[in-house]
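> Can you read through this structure? Questions will come right after.
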């Protein structure tokens, strides 16, 4: 679990923060808020009630300390927007309305810092006045252009460095000089230059962190990794032999922790519009990672709640079901289409009774272990904390495995009556620590043995071996591929700060785009609720490694061309719209070149017949490639479909009309002429809903809608102009 923390943001809202400087297209305050909102929304998204925050405005038009302390001389033009508390989405919305540039430059930044220290000190004390275990932090964002009373700076510094309850101070200056980045503001006003020196010295005296706002915003694009406190999956003994039966056994107290865990993006929760807006909403089942709070009174949404009810047939009243409790039900297992009942007593007979344990069952040579066998993520097995005897024993066992160049096989039962699992234990020795790394091994029934033909030869039915075949790579192709792989080597393509070669796309520099992009959008939408605003592009760090570097591709162009030549790679011409696979001119022609249809007297255009509707329609499409003839066939079958609907007694002819619509749709998709069908179905919908086909024929529209015979979208046909969203809305009446 993450520790408790209390953070106060001191934000300079003076009149000078409203100006745009150094060619920026946004004011200094809007620039500063990029950092502040990112930090606040990141904390809110964790959903931690122990993460307390507050925001203090300096150089504001109003003076409001919110009861933290009395407003005396020197504390004017300071506003406390909230006490230290857990922030929710409603608090962000309220804060957005107040974080605006003021109309004054009056206000003391040092006094605002004193208020922040007093707030943290008061909120993180226990009942007896002793400081609680909190991570205390004050983050200051200012342009340094206001007046400051520095008389109490030394006392504030001593309070901040209190050994029992120290406070971390972070100062971010707008356009402050920074030797690390090489930035120096030209023609700087004397008061600002003096304030910069005072603030730098103060932060250094407090052992805090000083930086520029530009550096802080630049670092925002680098995803922040979430550090979690590891939770042991096993605490017990590692045994060799049965200690209950024999004395000559080895027993080591150990703990098992995960090496890595999969980082998953936050899941969405389902909400409905609340009907009790005036009342108090009940408890929510939403995820703890959501920014929307449970008790947010301004929200008009309520989490969807599920209720499960079990019903059975009522034997006393046939056709009526009655509710039963889950405890009254028996377990049944599906066997084919039949439910097989197994009583609890029978289950106890076949259930394996196990005790929590981790026991060694054998050893295997490291060179004989196949790397494809592990089934799970890896875990660390370490000695029990503060147990020197266990540390010495496990260290001896680890070194014995390492020197013998072998691995151990162990049987583990996580908890009582849990199924046993086989583990492979691998020794891991580093400079400052030692551990066993374990992975799960498969049982015999877990193995799937598949046989595949060899890749470098073909075996005929008669047993003959063929090494040269169109499906086998040639020697030239293999050499060309090998050269291309060598040319695309990333292990030495990167450069360090000194220009030396190093690995490109190192593990610590690559991030999961899905996880961090979704978190990025959630934080951005929390402060930009307007749905008309376009979502920002993903940070460059998330897309940098999605494609090979252009410079490396240019270097390997020669090897790539050689590979294309060796593999006879040719570009396939794009398919032309309206010239689908059914096109007549693309069919196999006879060697004589004669037009067989013309010799047999087959007509170029076929009339659509009502008593032979679908076959005659297909014949009409196959007879000619002329677009005019195809349109004529479409009009013919459309006329017959309308006739079927109009003359139908009830829904007697709806099935025949629906089948004709399906065939029409499939044929025009295959011909890559979806716009002809889309025009027809749009017209048919208007005529049906408008009552133009001999009365109310809405039942026919519901059949079309239920069969999904609406518009052909781009997902169904690449040449369609209809988007998926337009196709979905088409079904709405």
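The values are calculated or read from the model by the stated rules, or taken from the named source; none is laboratory data. Because the structure is a prediction, the values reported are computed rather than measured. So basically every Cβ, Gly included, is an ideal-geometry build from the backbone, and we count neighbours across all protein chains shown.
> Would you confirm whether or not region 670-692 contains a residue that is surrounded by fewer than 15 Cβ atoms within 10 Å (Cβ to Cβ) and assigned to a loop (DSSP other than H, G, I, E, B)?
Checked against the condition, which is being surrounded by fewer than 15 Cβ atoms within 10 Å (Cβ to Cβ) and assigned to a loop (DSSP other than H, G, I, E, B), region 670-692 yields at least one hit.
> Still on this structure, please answer the following. Which of the residues spanning region 80-112 are part of a loop (DSSP other than H, G, I, E, B), in contact with a strand residue (DSSP E or B) (Cβ under 9 Å, 6 or more places away or on another chain) and over 27 Å from residue 149 (Cα atoms)?
86, 87 - these are the residues of region 80-112 that are part of a loop (DSSP other than H, G, I, E, B), in contact with a strand residue (DSSP E or B) (Cβ under 9 Å, 6 or more places away or on another chain) and over 27 Å from residue 149 (Cα atoms).
One line per residue, one yes/no per condition, for (1) surrounded by 10 or more Cβ atoms within 10 Å (Cβ to Cβ); (2) not in a strand (DSSP E or B):
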position: 386; (1), (2): no, yes
position: 389; (1), (2): yes, yes
position: 415; (1), (2): yes, yes
position: 418; (1), (2): yes, yes
position: 439; (1), (2): yes, no
position: 445; (1), (2): no, yes
position: 451; (1), (2): no, yes
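> Being within 26 Å of residue 239 (Cα to Cα) and in contact (Cβ under 8 Å) with a residue 60 or more places away in the chain is the requirement here; does residue 421 meet it?
So residue 421 fails the test.
> So if I check each of 162, 180, 147, which one is modelled with pLDDT under 90 and either more than 43 Å from the chain's Cα centre (by Cα) or surrounded by 15 or more Cβ atoms within 10 Å (Cβ to Cβ) (or both)?
Selected residue: 147, the only one of 162, 180, 147 that is modelled with pLDDT under 90 and either more than 43 Å from the chain's Cα centre (by Cα) or surrounded by 15 or more Cβ atoms within 10 Å (Cβ to Cβ) (or both).
> If you don't mind, another one. Out of (1) assigned to a loop (DSSP other than H, G, I, E, B); (2) within 25 Å of residue 622 (Cα to Cα), the odd one out for residue 732 is which?
All conditions are met except number (2).
> Can you tell me how many residues in region 1-16 are buried (at least 19 other Cβ atoms within 10 Å of the Cβ) and more than 21 Å from residue 188 (Cα to Cα)?
Total satisfying the criteria: 6.
> Continuing with the same structure: Got a sec? Which of 141, 117, 80, 170 is assigned by TED's automatic domain parsing to the domain that holds residue 215 and farther than 24 Å from residue 48 by Cα?
Criteria check complete, one pass: 141.
> Kindly evaluate residue 382 against the criterion of being crowded, with 16+ Cβ neighbours inside 10 Å and either in contact with a helix residue (DSSP H, G or I) (Cβ under 9 Å, 6 or more places away or on another chain) or part of a strand (DSSP E or B) (or both).
Answer is yes for this residue.
> Might you check whether a residue that is assigned by TED's automatic domain parsing to the domain that holds residue 139, surrounded by fewer than 22 Cβ atoms within 10 Å (Cβ to Cβ), in contact with a strand residue (DSSP E or B) (Cβ under 8 Å, 6 or more places away or on another chain) and in contact (Cβ under 8 Å) with a residue 12 or more places away in the chain occurs anywhere in region 17-28?
no
> Hey, does region 240-255 have a residue that's surrounded by fewer than 18 Cβ atoms within 10 Å (Cβ to Cβ), part of a helix (DSSP H, G or I) and touching a helix residue (DSSP H, G or I) at 6+ places or on another chain (Cβ under 6 Å)? First the steps, then the outcome.
First pass over region 240-255, keeping only residues surrounded by fewer than 18 Cβ atoms within 10 Å (Cβ to Cβ): 240-251, 253.
Add one more test, that the residue is part of a helix (DSSP H, G or I), and what stays is none.
No, there is no match, as no residue in region 240-255 is surrounded by fewer than 18 Cβ atoms within 10 Å (Cβ to Cβ), part of a helix (DSSP H, G or I) and touching a helix residue (DSSP H, G or I) at 6+ places or on another chain (Cβ under 6 Å).
> Here is a further query. Go through the residues of region 704-717 one by one and say whether even a single one is closer than 28 Å to residue 616 by Cβ, in the same structural domain as residue 642 (by TED's automatic domain parsing), part of a helix (DSSP H, G or I) and modelled with pLDDT of 90 or more.
Checked region 704-717: at least one residue is closer than 28 Å to residue 616 by Cβ, in the same structural domain as residue 642 (by TED's automatic domain parsing), part of a helix (DSSP H, G or I) and modelled with pLDDT of 90 or more.
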